[in-house]
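Colleague: I am attaching a structure below and will ask some questions about it afterwards.
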Amino acid sequence: MKSLNWNCQVPFIVDGDFTVFESHTVMRYIHAKYNLDPSYYPSSLKERTLTDMYLDWHHSNTRKVAHYVATSLLSKRTKQPTIYVEEGIKKDLDLALFNLNAHLLNYPSHFLNGFEKPTIADLSCYFELTELVLIQQSYKDLPNIEAFMKKMAEIP
């Protein structure tokens, strides 16, 4: 993989002699290269900034879903005591989900930042949150996240 991507992480794409990595950068690249629907990555400064703001926030917050799921599943698989780590990550995850529910999805549209259509930020958020199914995490106490997940699942 190093011959294709010196960063040795996924996701990445190779487009001719050009390699692009980091999930959000890959999404922005594909959007620009294939001139996709502008609603996915808005052109207005305010809407694009709100989209980018979530994408940046995602790495330190919503991404904790993956860390928690991996730690939780790994500790069960290896039977290693990772309770301290798991509890700390769970606390961070709960705060991230609270903030996502209370601030970023607190709109009738049920898309991030109140947009009428989903953006690449919604795609990133949705696919991260789908991992919670692996550990039977419920959204019943997070009604905005629950509505968001339903709305996103309905998109063909």
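The values are calculated or read from the model by the stated rules, or taken from the named source; none is laboratory data. In this text, all values refer to a predicted model and were calculated from it rather than measured experimentally. Cβ atoms come from the backbone with ideal geometry, glycine included; neighbour counts cover every protein chain shown.
Colleague: Assess whether Pro118 counts as being more than 16 Å from Leu93 (Cα to Cα), over 12 Å from the mean Cα position of the chain (by Cα) and surrounded by fewer than 17 Cβ atoms within 10 Å (Cβ to Cβ).
Modeller: Answer is no for this residue.
Colleague: Taking helices (runs of 4 or more DSSP H) that fall entirely within region 1-80, which contain at least 1 residues that are at pLDDT below 95 and more than 24 Å from Lys117 (Cβ to Cβ)?
Modeller: Fully inside region 1-80 and qualifying: 45-60, 64-78.
Colleague: Please find, among Val26, Val14, Val20, the residue that is exposed (fewer than 15 other Cβ atoms within 10 Å of the Cβ) and of a type outside the set (D, E, K, R).
Modeller: The match here is Val14.
Colleague: Say whether the condition of being assigned to a loop (DSSP other than H, G, I, E, B), buried (at least 19 other Cβ atoms within 10 Å of the Cβ) and on the phi > 0 side of the Ramachandran plot is met by at least one residue in region 106-113.
Modeller: There is at least one residue in region 106-113 that is assigned to a loop (DSSP other than H, G, I, E, B), buried (at least 19 other Cβ atoms within 10 Å of the Cβ) and on the phi > 0 side of the Ramachandran plot.
Colleague: Check Tyr126 against each of (1) more than 18 Å from Val69 (Cβ to Cβ); (2) modelled with pLDDT of 95 or more and name the one condition it does not meet.
Modeller: (1)
Colleague: Same structure, new question: For the condition of a type in the set (D, E, K, R), without any contact (Cβ under 8 Å) to a residue 60 or more places away in the chain and closer than 22 Å to Glu47 by Cα, what is the one hit in Lys140, Lys151, Lys117?
Modeller: The match here is Lys151.
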